[in-house]
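**Student:** Below you will find the structure I want to go over with you.
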Amino acid sequence: MNNNPKVSVIIPTIGRESLIEALESVLNQTYKNLEIIITDDTEEGKARVKIEKYVSDPRIKYTINTKYKHGPAGNKNNGLDHITGEYFVILDDDDTLFPNAIEELLNCALKGNYGMIFANCIDNVKREFTGKHYGKSEEVSYKDMLCGKYEGEYVGLTKTSLLERERFNEECWGGEGILWMKLWKKTQVGFYLHKPLRIYSVSTPNAVSKFYIQKAKMAYLNYVLFLEEFGGDFKKYCPKIFVRNSLIGIYFSKLAGKYKEALKLCFNSIKAYPKLLLVLLTWTIFCLIAPKFLVIKIYENFLKKFKESFKKVLVK
């Protein structure tokens, strides 16, 4: 086993000012055998000017996304195509890594021969954990991930050989979870390291998470494809999670004007978990007949309450 493997760090960017801080956090890692892939999603190469003084570092590889559809998924795919390391990490251009992040993740991977390792993050405002945790480091199974034992924002290191030809779906918005779950299904067992190793930005004006309503058609497709891919496993291990994903999918189907898809999601969920028939029918009918602004308001109110309850279940 190579105890000094190369780690590829992909930084997808649109040339935001925060890119410099993200890049410097990688350059300052205690682990040095790195490849830094900066993949620029702007046709004019907006990021190149910002990193000019850094490109002489032989570890940096700058590339413009010309192969894939513009957007978060396509730009990440462009980065994945340029990996030469045995492991890889993806870091958004508005986030930063703790100096020991890659060393900690890699040591854990090598020690346990894990293909997927992830650690927690803290947000850049309140400095709170952004991912659900249980106060300890532990092995994590595919079933754990599928059934929502770990949810939120983390930083992960993945063995490149798991990827093969798999890529993010460019037609989805925020659909990265489909690829990650495929990789979890391949590896079956990974590890959660209970340490904050990344600072996650919750205050970036043009962050991907702020565009879900505008990208409703791409967001609804994410939930449809996710349930198609893993529906059988959801029904086997955790049908309630199948229902929860369907409820969100129904919401985005409403925003996207995909009413038949909303009904399909509803009926499939009733089959998966009949006990929630009333909830599913009520939410679906409300989404179909209520004005869009009201559906958004109700959904965002419930989402806020969910996030508040989410924090309460975190073991301190």
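What follows is calculated from the coordinates using simple rules that are stated; it is not laboratory data. Not measured: the values here are computed from a predicted model. Virtual Cβ from ideal backbone geometry, glycine too; neighbours counted across all protein chains shown.
**Student:** Quote to one decimal, in nm, the extra length available between V202 and I20 on full extension: 0.36 nm per residue of separation minus the C-alpha distance between them. Could you put the intermediate results ahead of the total?
**Tutor:** Numbers: separation 182, 0.36 × 182 = 65.52 nm, distance 1.75 nm.
Length gained, V202 through I20: 63.8 nm.
**Student:** Set the Förster distance to 25 Å, then compute FRET efficiency between K111 and H82 from the Cβ-Cβ distance, nearest 0.05.
**Tutor:** Details: r = 28 Å, r/R0 = 1.12.
It comes out at approximately 0.35.
**Student:** Same structure, new question: For a Förster distance of 30 Å, can you work out the FRET efficiency between the beta-carbons of N28 and W180, rounded to the nearest 0.05? Before the final figure, lay out each step's value.
**Tutor:** Details: r = 27 Å, r/R0 = 0.89.
Between N28 and W180 the formula returns 0.65.
**Student:** Also: Using a cut-off of 27 Å between alpha-carbon atoms, which lysines can reach K111, once sequence neighbours fewer than 8 places away in the same chain are excluded?
**Tutor:** K6, K32, K132, K136, K143, K149, K159, K182, K185, K186, K195, K316
**Student:** Report, in debye and to the nearest 20, how large the dipole of the chain comes out about its Cα centre when Lys and Arg carry +1 and Asp and Glu carry -1 on their Cβ. Don't skip to the answer; put the middle values down first.
**Tutor:** Working: 48 positive and 36 negative charges, 288 e Å.
Value, rounded to 20: 1380 debye.
**Student:** Same structure, new question: Placing +1 on the Cβ of each Lys and Arg and -1 on the Cβ of each Asp and Glu in the stretch 212-312, which of N245, P291, I270 has its Cα farthest towards the positive end of the resulting dipole?
**Tutor:** P291
**Student:** In degrees from 0 to 90, rounded to the nearest 10, what is the angle of the helix 259-272 Cα long axis to the longest principal axis of the chain?
**Tutor:** 90
**Student:** To the nearest 20 Debye, how big is the dipole of the stretch 212-312 about its Cα centre, given +1 on the beta carbon of each Lys and Arg and -1 on that of each Asp and Glu?
**Tutor:** Working: 19 positive and 6 negative charges, 53 e Å.
In total the dipole reaches around 260 debye.
**Student:** Compute the orientation-averaged projected area for the stretch 198-297 from the convex hull of its Cα atoms and round it to one decimal in nm². Don't jump to the answer; show the numbers that get you there.
**Tutor:** Working: hull surface 30.4 nm².
Approximately 7.6 nm², given one-decimal rounding.
**Student:** Tell me which label goes with the value of semi-axes √(5λ) of the Cα gyration tensor in Å computed from the coordinates here: (i) 26, 23, 21; (ii) 34, 23, 18; (iii) 38, 24, 17.
**Tutor:** Working out semi-axes √(5λ) of the Cα gyration tensor in Å from the coordinates points to (ii).
**Student:** Full extension from R127 to F267: what is 0.36 nm times the residue separation minus their Cα-Cα distance, to one decimal in nm? Intermediate values should be presented prior to the final figure.
**Tutor:** Numbers: separation 140, 0.36 × 140 = 50.40 nm, distance 4.13 nm.
Gain in length upon complete extension: 46.3 nm.
**Student:** How high is the relative contact order of the chain, in percent, with contacts defined as C-alpha pairs under 8 Å that are six or more residues apart? Display every interim value, and only then the final one.
**Tutor:** Working: 559 pairs, mean separation 51.6, N = 316.
Computed value for the chain: 16 percent relative contact order.
**Student:** Modelling each spin label as a point 7 Å along the Cα-to-Cβ direction, I'd like the T66/L288 distance in nm, to one decimal.
**Tutor:** With each label placed 7 Å out from Cα toward Cβ, I get 4.9 nm.
**Student:** Just to be sure I understand the model, the point goes 7 Å from the Cα along the line to the Cβ. What's the resulting E228 to D57 distance in nm?
**Tutor:** Each label point is offset 7 Å from its Cα along the Cβ direction, giving 4.1 nm.
**Student:** At what distance in nm do the modelled label points of Y134 and E103 sit from each other, each positioned 7 Å from its Cα along Cα→Cβ?
**Tutor:** 3.0
**Student:** Could you tell me which of I83, L106, V140 has its Cα farthest along the dipole of the stretch 64-161 towards the positive end, charges placed at Cβ (Lys, Arg +1; Asp, Glu -1), taken about the Cα centre?
**Tutor:** My answer, from the dipole projection, is V140.
**Student:** Taking other Cβ within 10 Å of each residue's Cβ, how do T158, T63 sort, fewest first?
**Tutor:** Values: T158 25, T63 16.
Result, fewest neighbours first: T63, T158.
**Student:** For the chain, give me the percentage of DSSP beta bridges that are antiparallel, rounded to the nearest 5 percent.
**Tutor:** Values: 15 of 38 bridges.
Roughly 40 percent of the beta bridges in the chain run antiparallel, per DSSP.
**Student:** Antiparallel versus total DSSP beta bridges in the stretch 107-231: what percent is that, nearest 5?
**Tutor:** Details: 11 of 18 bridges.
The antiparallel proportion sits near 60 percent.
**Student:** Going by alpha carbons, how many degrees (0 to 90, nearest 10) lie between the helix axis of 101-112 and the longest principal axis of the chain?
**Tutor:** So the inclination is approximately 80 degrees.
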